[in-house]
Structures are given as C-alpha cells and as structure tokens.
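Colleague: Got a structure here, written out as structure tokens. Questions coming.
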Amino acid sequence: MKRLYSPGLLLAVFAVSLGSCGGAARSAADLEALAARNRQGHSPADARFMANMIPHHAQAVLFAGWAESHQASPALQIFCARMVVAQRDEIVTMRSWLLERDEPAPPAEYSRMRMPAGADHHTMPGMLTEAQLNELDNARGADFDRLFLKYMITHHEGALSMVDELFGSYGGAQNDFIFKLSSDMYADQTTEIEHMQVMLDTYPSGG
Amino acid sequence: MNNQSFERLPGMRWTALGSVLCAVLVFVTACATAMSSPSPAAMRSALSDLPLTPPDPDPRIGLGAGSGPLGIGAEEASWNLNLVSNTPPPDEFVGVTNSDLGFTGNYAIQGNYNGYVIWDISDPTNPTLETSYVCPASQSDVSIYKNLLFVSGEGLGGRIDCGVGGVPDTVSLDRLRGIRIFDATDISNPEYVANVQTCRGSHTHTVVTDPNDAENVYIYVSGSSRVRSPNELPGCSGGPLEDDPNTALFRIEVIQVPLAAPQNARIVSSPRIFDDLTAPPRHAEPAADTAGQGARRAAAGRGGRGGRGGGPPRQRTGPTQCHDITVYPAIGFAGGACGGYGLLLDISDVANPRRVYAAADSNFSFWHSATFNNDGTKVLFTDEWGGGGQPRCRATDKYEWGADAIFSINDGELDFHTYFKMPAAQTELENCVAHNGSLIPIPGRDVMAQAWYQGGINVFDWTDPDNPVEIAFFDRGPTDGTRRGSGGSWSVYWYNGYLVSSEIARGLDIFELTPSAHISQNEIDAAKTVHFEYFNAQEQPKLVWPPSFALARSYLDQLERSSGLDTDRVMSVRRGLAEAEGLSGQERSNALTELVSDLRGAVRGSSDPRKVRMFLGAVIDLGATR
C-alpha cells in the first residue's frame, strides 16, 4: 500500500505556521518541492481505475465514431460527436497520469484484434462483446440508433459501476485529481444516460 | 506583483489602423490616468476613441507557456483590462487547486482543495495574507455571511478534524462530506465551530437569506457525487425513488443555520425539486429528430439509475441533483443548474424551493451555474462540458459546446436566445470551458465577467440577449508547455471596484477595467459606487446605484453611444451637468431641475426613451441629494 500522503505534507504545514507566506521569494526548486509535498499520493485502486477506464473509453470512442457512417439520426450524430471528443480527451488525461507515475498505460485506441469473437476473457463492465460490436457495425439508420442507444446506456452504466468500485475500494479516490476526474465522469455519464434514454423513447418500438 | 507581465504587441500585423492603435493599446494605462480626472472641457464626448473591435489577430492565440507549479513565465494578453496584482498561494497550497471565492469587508476568502486562504485586499495592488487554514476537502467552495464562513466538502479524503491524512477506509466516521462552519468573528483566526454532514457531500453550496427570517441563514447544498453508506451516515440510501422514498437521490438539501447558535445548524428540508419532471423539448435538436418529439414519452417512468451495478432500467430518470444553484432573493427566483437541465425555482418559501420551469438543450452537456441580469428578466446558464479539467476551447471545439446559453424569463418560462463562448482558440494543453462569473454593476446595461479556466477571463455585454459582445479580456499561456496542466481562472467576481479572480495554480489575480470604446470612465466610476458589505456570487444581490454624477453621465454616455440623443443635445446636457457639479446646495438643485425640465421634451423624440428616462431619474435623484 502506498502512502496516501507523504510525511512531508505535515512538515510543510508546520513550516508554514511558523510564518512564511505567499509573498516570500521562492525558487523554482522550492516551489516544486512544496507542490510535491502538498499533493497527495495515489492508491493501487486509483491506478487500477485509470488503467481499466482507458480501454472502456476507447471502445466507446470506437463505436460512437460510427454514427455518421452508419447513418444515425442527426441528433445522435451530434451526441456522438461530442462524446468522442470528451472521451478521447479523458483517455489522454488518464494515459498521461499513468505514464507520469511510471504505471503501465493501456493503448489509446481500442483494438478489436485483441478481443476475438467468442472470447469471454476479462473486460470492463458494460463493454460490448465482439459479437455485439459486429451486430452494431451491421446496423444502419434507425436500427443503428436503437441498438447504439441500448448498448451505450449499458456501456455508461458500466462506467458508473467502475466509479462505484473505485469509491468502494480502500484508499480509492483519496487523491483529489482522481476524485475529480472520476466524479466528472460520473456526472457526465449519468447525464448522458438520461439524454440517451430520452432519445430512445423517441422510437415507438425502442427501449 | 507579477513581474512576468508581457503585453503582446500584435500591431505589427495590423493593416487597418496600424501603429496608432497599437500605441493606444500599449499606453492604455496612461490613457486611463488621463481620463479619470474630471475633464474641464465637459462639452467634449466622454466616449473613448479606442477601437470598438477587438485586436485582430486575437493576441490570446499562441501565448507562450509557463512552467512549474505556479505556471510562472507564461505570456499574457489583455484588452481593456489591467492586471493590478498577482499574489501566489502560500506555501501549504502551492500545487493544489485554488477554487471559489467569497468576500467580506476588505477580505477575499479563497477556497483551496487543502483548505482556504483569507486575503486582505484593502490595497488591490498588494493583497496580503491575513491567514490560511489547512483543512483538506475538495472542492472547498466558500461563502461568508456576517461572521460565519461556510466551506463545502465533497472529496472522499475530507476529515472531520481537518487532518491531512485522508480517509482511506471506505466507511469511516472520520470522514466529512457536507458543510463546515467557521466562526470568523476574528478574521485572522477563524474557529471551526460545526459541520453538517450530508449523504452526497457538498460540491457547491448557496447561502440564502430569508427576508422574513432574521434569526437564521439557509444553505442549499448541491452535488451529484455518490451516496455514501448508511454505516457512515445513518439514513443515507441511494435507491430509486419508487422503491426507496427516503433516497438521497432526486433532492437537494436545505440547511438552516441559527445565527446566534451556528453549532445547531441542521438539515431542515430535502426538497424533491425534480418531482414530476418530464423531459422538456430540447432546444437545438436537429429537425429530423424534433419531429419525433410527439412520440416521446415523459422521461418519468423510464430508465435511469439508482444504485450500483447496472441492472434493468429503473422507473425514473432525470437529474438526481444540481451542480449549483444561484438564488436571486430580490425576485424570489433561483437558477438551478442540474445535470441535463436548467431549472427555474421559486424560492419565496426559502426552505422549500419549488421548480417552476425546466429547459434542455442539445448543445449543453452539463448545466453548471447560473447568473441573472439585474432586472431579473434574463438568466445565463453555463455548460461545464467535461468538468473543467479538459481543453474544450480548441479551434476544433464547437462554439456552442462548453459555452453559455442566454435565456429571457417570461411568465416563469425560460426562452432561449443564443450561445456565448470565449472566442479565442486555446491549445490542447489548456483546460478551458465556461465557468463562474458575476455581474459588473454598470448601470443601464447587463455586463458580466466570466472565468474560462486557462481560457482566461473575459467581460461581455449581454444587454441584447441575442447579441452578446465581448468587451474585455485577459489570458495567459498554458501553465506548462510540456503537459496538460491544471490552471486558469476558477472564478472571477466584481467586488467593490475590482475584478478578483481565483487562479487555480497561480493564486489571486486582481484586475481593473480600463476605459474603452465599450465602457466609459463614467460607467466605471458609477460601477465603483456600488458597495457590498459581503458578496457570495451564488446569492445574487440586487444592484442599486446611489445618486452620483457618474451615474447620470453613464446613462448620457450610453445615449451618445447609441445615438439615443443627438450630438448637440448630448453636448449641451454634458455642459449643464458640469455647471451643476460646480455649484452646491440649492443652486445645484435648481440647475439640475432646470436640466430635467429642458430635457423632458426630448423623451418622446429619442430612439431610446427608456434610457432618457433613466437619465432623468438619475438627475432628479441627484438634485434631491444634499
């Protein structure tokens, strides 16, 4: 178990109470040292969350990217375009965070080669099987819309359960950066689930 | 003070107005000084001959990056704003996120994920550290009312005892999620007197005063984080409403704080402001899809998510909480920014707010915060697409995404007008999206300042809800040129004459407006006559201008700018005002009365009779002042 806080933070706090303040001249090295002491460490649960969420996002980016080529409705195309931007950005954030901490970072792109049809090895909650991806890849127009919404709602619910798991792990999301990123995902994807459910309700035979 | 200040000089590339404008830009401070003294030649226009249009190319594009935890050395660009000071955070907050601001007297209270800092801003050019308080919990949203200081805690590492060790256990009685209350009677030594725990913690909160209740102050608690275990806080559960009538989802919390006994603060109601919410038509939905709206069933009765683990669709969807609520007690309404919706709430019964309208928008990802105009006829909502940690102002990011949306309020309904977004493309390295701001008390106009994280801050006029116009800005390059750092302005608020900004990495920035083609010296002077004892942006105060010559001249400047009065008339009125100002007592009153009599006849002929009446009202009030 890594320490959540370095012992230096306590020292820093006491040093400050002795009277230094923002106006004091501080060298670049002083500032780096202060920041290193003030910032929390991270737990194994944090790193696991980040590493697992990357392929989860990457798969979402893959099939949200089909909206235009698969003749999704204009509303769904807009929704998907925004989601692709959002989750791609978060993948960059998560990979950078892991790499800066010398933690292994999964690739940014989802590789269907690694998930052969019929394989049922470890995937993250809500992720589509290769068969489901193929089914969606073969759908067009309103059929694509309905299937996409159904699968992406499940996919998002999987992401929420991953945040739940993080929050339910010892030392999980104690780190402010991890708490913020995971909370932002939780808020965004909860909101998107609701939006998708409303879109799904547009189709009389949907749901 | 910031010695890294760098004024970009885009003039070399200008073709139209060339070096003259360039020189004007550079010497904007000198201009301000010259214009701030009353002009003896009062018959001259008080309007600036600086350009109306922003510098082109936009100097915010391509600013050089800084380095280190404070992002030192980044290039800066500004237009019609002057940075008067930058004060870096004290040692124990270096490298940790600075968050929201509250104000009382000569003090600014700046939240930080590690606690909060109290700055003495009596001298805006040189803020001094009054005290700092280490008490970790994100996001440390702060508010102050009289002697009481309130701080939000939502992060899982917040401890009841303000300790720095975090709370690694998943269920722990050491954890604080909710509102901390400090007695800041001695501002240099706040005392931690109470806390109120809530099931989902407090991402943000809103102080609400009840005109009918002088004994208490109220707090609306917002935050959409996960519901915690009942083993940590008894009574908390996060099931779907239909199965679990006591669920902590689908409600906000209202805390009552007895002013004489803050230790007795408690939750007095948990209004279910989302009850019976059906999905409203989504503005800007593409045509092919809006055709299907008739087939839409109400969102109630479908899908949603109540607990962990996915599973079959639940009975109920829609937002389960708000991100932030801005109350405007003077009009009895609040703007609730709640997940996928913007709500208008009736707060006439403070402890029991009631939803009166809900808006949705296809271009809005996450409704984040609200600001009313002073008349209460309009409201601006922000969309914090991506949560603020992501770069959403790149050239490739759509103008409508991560922007503001402006609505008029008509008979309790919200009518969409247009979007507004900080227009200068930012880099991949700069987190940027719409964030917090406040009105600037320029009389007769709706002008506000807004923070855009590393997109800097800007000032815009949204008097015309269909045509918001950017009129000032300040921006720095990325905090770090090698990686996606976190920085920029969390919030910028007008407080007693200055714009105070909480810079996430760099500390406290204070700006002054400089006179421009968009804002005259008179308008700045009039704005400075509005004095707050305290200010919490989420509790919007009604702006009231005391009588002053600056106020009258502001309206006159606006009439000149809009040609609401012809030039000769404006000049003669200016002369009349200058003469009256040189008099005193009854003579001044007589001169002002005469001025009013002369001008009454011009109301009907004006293209802006309303503004002429506002001017006349200001002059009459001035005449009645001794």
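The values are calculated or read from the model by the stated rules, or taken from the named source; none is laboratory data. What you see is a predicted model; the values in this text were computed from it and never measured. No Cβ is skipped: glycine too gets one built from the backbone with ideal geometry, and neighbour counts run over all protein chains shown.
Colleague: Can you tell me which condition A:N175 does not meet? The list is (1) out of contact with any Asp or Glu (no Cβ under 7 Å at 6 or more places or on another chain); (2) within 11 Å of chain B (Cβ to nearest Cβ); (3) crowded, with 22+ Cβ neighbours inside 10 Å, and all the others hold.
Modeller: Going through (1) out of contact with any Asp or Glu (no Cβ under 7 Å at 6 or more places or on another chain); (2) within 11 Å of chain B (Cβ to nearest Cβ); (3) crowded, with 22+ Cβ neighbours inside 10 Å one by one, A:N175 breaks only (1).
Colleague: Among the residues of segment B:81-118, count how many are part of a strand (DSSP E or B) and either modelled with pLDDT under 95 or more than 9 Å from chain A (Cβ to nearest Cβ) (or both).
Modeller: Taking segment B:81-118 first, the residues part of a strand (DSSP E or B) are B:81-87, B:98-104, B:107-112, B:115-118.
Those still in the list that are either modelled with pLDDT under 95 or more than 9 Å from chain A (Cβ to nearest Cβ) (or both) too: B:81-86, B:98-104, B:107-112, B:115-116, B:118.
Residues flagged as part of a strand (DSSP E or B) and either modelled with pLDDT under 95 or more than 9 Å from chain A (Cβ to nearest Cβ) (or both) within segment B:81-118 amount to 22.
Colleague: Residues in segment B:181-210 that are over 20 Å from B:R226 (Cβ atoms) and either β-branched (V, I, T) or under 23 Å from the mean Cα position of the chain (by Cα) (or both): how many?
Modeller: Just the residues of segment B:181-210 that are over 20 Å from B:R226 (Cβ atoms), to begin with: B:181-194, B:206-210.
Then drop every residue that is not either β-branched (V, I, T) or under 23 Å from the mean Cα position of the chain (by Cα) (or both), which leaves B:181, B:185, B:187, B:193, B:206-210.
Number satisfying all stated conditions: 9.
Colleague: Moving to a separate point now. Are there any pairs with C-beta distances below 9 angstrom linking a residue in segment B:585-597 that is surrounded by fewer than 17 Cβ atoms within 10 Å (Cβ to Cβ) to a residue that is outside any helix (DSSP H, G or I), with the two at least 6 apart or on different chains, and if so which?
Modeller: Once the first residue is surrounded by fewer than 17 Cβ atoms within 10 Å (Cβ to Cβ) and sits in segment B:585-597, its partners that are outside any helix (DSSP H, G or I) give B:G585/B:R626; B:N590/B:L583.
Colleague: Further question: Tally up the residues in segment B:184-222 that are within 14 Å of another protein chain (Cβ to nearest Cβ), outside any strand (DSSP E or B) and small (G, A, S), please. Give the derivation first.
Modeller: The initial filter retains those residues of segment B:184-222 that are within 14 Å of another protein chain (Cβ to nearest Cβ), namely B:188-189, B:199-204, B:222.
Checking the rest, the ones that are also outside any strand (DSSP E or B) come to B:188-189, B:199-203.
Within this subset, residues satisfying the condition of being small (G, A, S) are B:188, B:201-202.
Residues meeting the conditions: 3.
Colleague: Can you pull out every residue in segment B:363-375 that is hydrophobic (A, V, I, L, M, F, W, C) and in a loop (DSSP other than H, G, I, E, B)?
Modeller: Within segment B:363-375, the subset hydrophobic (A, V, I, L, M, F, W, C) is B:364, B:366-367, B:370, B:372.
B:F364, B:F366, listed by residue number.
Colleague: If B:C338 passes every condition in (1) touching a Pro at 6+ places or on another chain (Cβ under 7 Å); (2) within 27 Å of B:S489 (Cα to Cα); (3) of a type outside the set (A, V, I, L, M); (4) not in a strand (DSSP E or B) but one, which one does it miss?
Modeller: In the conditions (1) touching a Pro at 6+ places or on another chain (Cβ under 7 Å); (2) within 27 Å of B:S489 (Cα to Cα); (3) of a type outside the set (A, V, I, L, M); (4) not in a strand (DSSP E or B), B:C338 misses (4) alone.
Residues are listed down the side, and each one gets a yes or a no for (1) among the hydrophobic types (A, V, I, L, M, F, W, C); (2) within 14 Å of B:A405 (Cα to Cα); (3) away from chain A (no Cβ under 11 Å):
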| residue | (1), (2), (3) |
| --- | --- |
| B:T326 | no, no, yes |
| B:P329 | no, no, yes |
| B:G332 | no, no, yes |
| B:G336 | no, yes, yes |
| B:Y341 | no, yes, no |
| B:D349 | no, no, yes |
| B:A359 | yes, yes, yes |
| B:F364 | yes, yes, no |
| B:S369 | no, yes, yes |
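Colleague: Could you please find all residues in segment A:63-92 being within 17 Å of A:M127 (Cα to Cα) and not in a helix (DSSP H, G or I)?
Modeller: Once the filter is applied, which keeps residues that are within 17 Å of A:M127 (Cα to Cα) and not in a helix (DSSP H, G or I), segment A:63-92 yields A:G65, A:W66.
Colleague: Follow-up question, since we're still on this one. Filter segment B:141-180 for residues that are polar (S, T, N, Q) and under 21 Å from B:E253 (Cα atoms) and give the result.
Modeller: Residues satisfying the conditions are B:S143, B:S152.
Colleague: With A:D145, A:D137 as the choices, which residue is more than 7 Å from chain B (Cβ to nearest Cβ), over 21 Å from B:G153 (Cα atoms), buried (at least 22 other Cβ atoms within 10 Å of the Cβ) and over 17 Å from the mean Cα position of the chain (by Cα)? Spell out the reasoning first.
Modeller: Numbers: A:D137 fails: buried (at least 22 other Cβ atoms within 10 Å of the Cβ).
Unique residue meeting the criteria: A:D145.
The rows are residues; the columns are (1) in the same structural domain as A:P107 (by TED's automatic domain parsing); (2) crowded, with 21+ Cβ neighbours inside 10 Å; (3) in a loop (DSSP other than H, G, I, E, B).
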position	(1), (2), (3)
A:D30	no, no, no
A:R48	yes, no, no
A:A51	yes, no, no
A:A60	yes, yes, no
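Colleague: Sticking with this one: (1) touching a Phe, Trp or Tyr at 6+ places or on another chain (Cβ under 9 Å); (2) polar (S, T, N, Q); (3) part of a loop (DSSP other than H, G, I, E, B): which one isn't true of B:N352, the others all being true?
Modeller: Evaluating B:N352 over (1) touching a Phe, Trp or Tyr at 6+ places or on another chain (Cβ under 9 Å); (2) polar (S, T, N, Q); (3) part of a loop (DSSP other than H, G, I, E, B) leaves (1) as the failure.
Colleague: Still on this model: Residue by residue through segment B:140-161, note down the ones that are part of a loop (DSSP other than H, G, I, E, B) and either of a type outside the set (G, A, S) or surrounded by fewer than 24 Cβ atoms within 10 Å (Cβ to Cβ) (or both).
Modeller: Of all residues in segment B:140-161, those part of a loop (DSSP other than H, G, I, E, B) come to B:146-147, B:154-158, B:160-161.
Within segment B:140-161, B:K146, B:N147, B:E154, B:L156, B:I160, B:D161 meet the criteria.
Colleague: Mind counting the residues in segment B:376-387 that are assigned to a loop (DSSP other than H, G, I, E, B) and surrounded by fewer than 24 Cβ atoms within 10 Å (Cβ to Cβ)? Write out each step before concluding.
Modeller: Residues of segment B:376-387 that are assigned to a loop (DSSP other than H, G, I, E, B), as a first pass: B:376-377, B:384-387.
Right, trim to surrounded by fewer than 24 Cβ atoms within 10 Å (Cβ to Cβ) and you get B:376-377, B:387.
Of the residues in that region, 3 qualify.
Colleague: Right, something else. Regarding segment B:141-152, can at least one residue be identified that is touching a His at 6+ places or on another chain (Cβ under 9 Å) and among the aromatic types (F, W, Y)?
Modeller: Checking segment B:141-152: at least one residue is touching a His at 6+ places or on another chain (Cβ under 9 Å) and among the aromatic types (F, W, Y).
Colleague: Residues of segment B:508-543 being over 18 Å from the mean Cα position of the chain (by Cα) and not polar (S, T, N, Q), which ones? Explain how you work it out, then say what you get.
Modeller: Taking segment B:508-543 and keeping what is over 18 Å from the mean Cα position of the chain (by Cα), we get B:514-526, B:529.
B:P515, B:A517, B:H518, B:I519, B:E523, B:I524, B:D525, B:A526, listed by residue number.
Colleague: Sticking with this structure for a sec: Provide a single number: the residues in segment B:162-183 that are in a loop (DSSP other than H, G, I, E, B) and touching a Phe, Trp or Tyr at 6+ places or on another chain (Cβ under 9 Å).
Modeller: Initially, segment B:162-183 is screened for residues in a loop (DSSP other than H, G, I, E, B), giving B:162-174, B:176-177.
Checking which are touching a Phe, Trp or Tyr at 6+ places or on another chain (Cβ under 9 Å) leaves us with B:162, B:164-166, B:168-170.
The number of residues fulfilling the criteria is 7.
Colleague: Let me ask something else. Within segment B:416-426, can one find any residue that is outside any loop (DSSP other than H, G, I, E, B), buried (at least 24 other Cβ atoms within 10 Å of the Cβ) and in contact (Cβ under 8 Å) with a residue 40 or more places away in the chain? Working first, answer last.
Modeller: Going residue by residue through segment B:416-426, those that are outside any loop (DSSP other than H, G, I, E, B) are B:416-420.
From what's left, buried (at least 24 other Cβ atoms within 10 Å of the Cβ): B:420.
Among the residues that remain, those that are also in contact (Cβ under 8 Å) with a residue 40 or more places away in the chain are: B:420.
Yes: one or more hits.
Colleague: Continuing with this model, one more query. Does A:P125 meet the test of being more than 10 Å from chain B (Cβ to nearest Cβ), farther than 30 Å from B:Y399 by Cβ and surrounded by fewer than 19 Cβ atoms within 10 Å (Cβ to Cβ)? Spell out how you get there, then give the answer.
Modeller: On the way: more than 10 Å from chain B (Cβ to nearest Cβ): no; farther than 30 Å from B:Y399 by Cβ: yes; surrounded by fewer than 19 Cβ atoms within 10 Å (Cβ to Cβ): yes.
No; evaluated as a whole, the condition is false for this residue.
Colleague: Exactly one condition in (1) of a type in the set (G, A, S); (2) surrounded by fewer than 23 Cβ atoms within 10 Å (Cβ to Cβ); (3) within 18 Å of B:N374 (Cα to Cα) is false for B:G437; which is it?
Modeller: B:G437 satisfies every listed condition except (2).
Colleague: Looking only at segment B:153-180, which residues are in contact (Cβ under 8 Å) with a residue 12 or more places away in the chain, more than 14 Å from B:Y113 (Cα to Cα) and either among the acidic types (D, E) or in contact with a Leu (Cβ under 6 Å, 6 or more places away or on another chain) (or both)?
Modeller: The answer is B:I160, B:D161, B:D174.
Colleague: Continuing with this model, one more query. Do you know which residues across segment B:512-561 are among the aromatic types (F, W, Y) and surrounded by fewer than 24 Cβ atoms within 10 Å (Cβ to Cβ)?
Modeller: Taking segment B:512-561 as the starting set, the residues that turn out to be among the aromatic types (F, W, Y) are B:532, B:534-535, B:545, B:549, B:555.
Of everything in segment B:512-561, those that are among the aromatic types (F, W, Y) and surrounded by fewer than 24 Cβ atoms within 10 Å (Cβ to Cβ) turn out to be B:F532, B:Y534, B:F535, B:W545, B:F549.
Colleague: Checking the structure you have, find out if any residue of segment B:129-136 is within 11 Å of chain A (Cβ to nearest Cβ), polar (S, T, N, Q) and free of Cβ contacts under 8 Å to residues at least 60 places away in the same chain. Please lay out each step first, then the result.
Modeller: Taking segment B:129-136 first, the residues within 11 Å of chain A (Cβ to nearest Cβ) are B:129-136.
Pick out the ones that are also polar (S, T, N, Q) and you get B:131-132.
Next cut, free of Cβ contacts under 8 Å to residues at least 60 places away in the same chain only: B:131-132.
Yes: one or more hits.
Colleague: For segment B:68-91, how many residues meet the condition of being surrounded by fewer than 23 Cβ atoms within 10 Å (Cβ to Cβ) and of a type in the set (V, I, T)?
Modeller: The number of residues fulfilling the criteria is 2.
Colleague: Then there's this: When you go through B:E232, B:E242, B:E253 one by one, which is the residue that is acidic (D, E), surrounded by 18 or more Cβ atoms within 10 Å (Cβ to Cβ) and more than 28 Å from the chain's Cα centre (by Cα)? Spell out the reasoning first.
Modeller: Values: B:E242 fails: surrounded by 18 or more Cβ atoms within 10 Å (Cβ to Cβ); B:E253 fails: more than 28 Å from the chain's Cα centre (by Cα).
Only one candidate passes the filter, namely B:E232.
Colleague: Just to be sure I understand the filter: pairs with C-beta atoms under 7 Å, separated by 6 or more residues or on different chains, first member in segment A:26-37 and over 14 Å from B:F93 (Cβ atoms), second member not in a helix (DSSP H, G or I). Which pairs pass?
Modeller: Qualifying pairs under 7 Å: A:A28/B:G68; A:E32/B:G68; A:E32/B:P69.
Colleague: Which of the residues that make up segment B:390-415 are surrounded by 23 or more Cβ atoms within 10 Å (Cβ to Cβ), small (G, A, S) and in contact (Cβ under 8 Å) with a residue 60 or more places away in the chain?
Modeller: Matches in segment B:390-415: B:A405 only.
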